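The values are calculated or read from the model by the stated rules, or taken from the named source; none is laboratory data. Treat the numbers as computed from the prediction; the structure is a model and nothing was measured. Positions of Cβ are backbone-derived with ideal geometry, glycine not excepted, and every protein chain shown enters the neighbour counts.
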Amino acid sequence: MQHLIKIYNVYSYSELSDEAKEKAKEDYLNDYCRSEALTDIYMEDLKNIFPNSDLKIQWSLNGCQSDGVNIYGNLNINDIFNLPNVTDMKWIGDELTEKEIRTMKFYMSEYQEDIILPMNRRYCYCYINHIDFLADFYSALENIGIRNINSNVLCKIEGIIRKIIKELCNRYERIGEDYLYNISDEEMEETSEANDWKYFKDGSFFANIDLVAKNIILMDVIKNRKGA
């Protein structure tokens, strides 16, 4: 039995020509695993900002008119009041007084703490403008016997929720486009070195071929040992 060994000329990322580096970056950015990783990044950030909520995300960033990012699911309104503690984005500012917050928390204690953010059934752009928090909450409070409902407070809360979700969707859209379509030479070199990736001269990825070759040799060794 003969073992045939093929020798490859491979290069680290820093050794590639500018043209080969561009190919290496393009192949890396086109890896479908990056889409899954981006979703994980979004979900981890949402959980950090809204720890008491059950929010999900849908996104499409292919450059189409209907593309974008939408956050949907159960939003716990208490998370809105706690936002300054977990983010440097001053979404609430001075829009609510302490008395108005107490009023809203009373309404929540009598009715519910959550609001449903709608899923976009056809596309992925932000759908937050389709909530009707004021009308829904007001009607529910009336039905359970609450009187003298402060509709101005409910209106402010609705405006704040719309503002927060819309700005967050816009931020995620910018982050996603940068993550999926841009990577600097420095970032690509650091990633390649951290994973010990090698490339052919034209920038084609070598690591998977190397892994297959090692597996073939390993199988041959195992077969030889069994036959010995």
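No other residue among LYS56, LYS99 is among the basic types (Lys, Arg) and modelled with pLDDT of 95 or more apart from LYS56.
Output yes when any residue across region 28-36 is outside any helix (DSSP H, G or I), in contact (Cβ under 8 Å) with a residue 12 or more places away in the chain and surrounded by 16 or more Cβ atoms within 10 Å (Cβ to Cβ), and no when none is. Among the residues of region 28-36, not one is outside any helix (DSSP H, G or I), in contact (Cβ under 8 Å) with a residue 12 or more places away in the chain and surrounded by 16 or more Cβ atoms within 10 Å (Cβ to Cβ), which makes the answer no. In region 161-207, how many are closer than 18 Å to SER14 by Cα and of a type in the set (A, V, I, L, M, F, W, C)? Qualifying residue count for the region: 8. Scanning region 168-193 for residues that are within 22 Å of PHE205 (Cβ to Cβ) and of a type in the set (A, V, I, L, M) returns LEU180, ILE183, MET188. For region 86-96, taking the residues that are within 16 Å of LEU46 (Cβ to Cβ) and either of a type outside the set (Val, Ile, Thr) or modelled with pLDDT of 80 or more (or both), the one that is surrounded by the fewest Cβ atoms within 10 Å (Cβ to Cβ) is identified as MET89.
The single condition among (1) farther than 23 Å from ASN170 by Cβ; (2) in a helix (DSSP H, G or I) that ASN9 does not satisfy is (2). Does ASN76 count as surrounded by 12 or more Cβ atoms within 10 Å (Cβ to Cβ) and out of contact with any Cys (no Cβ under 8 Å at 6 or more places or on another chain)? For ASN76, the condition - surrounded by 12 or more Cβ atoms within 10 Å (Cβ to Cβ) and out of contact with any Cys (no Cβ under 8 Å at 6 or more places or on another chain) - is met. Taking the conditions exactly as written (at pLDDT 90 or above, surrounded by 11 or more Cβ atoms within 10 Å (Cβ to Cβ), in the same structural domain as ASN74 (by TED's automatic domain parsing) and at negative phi), does ASN150 satisfy them or not? In short, yes.
One residue stands out in region 100-113 among those that are under 30 Å from GLN58 (Cα atoms) and buried (at least 16 other Cβ atoms within 10 Å of the Cβ): the one that is nearest to the chain's Cα centre (by Cα), namely GLU113.
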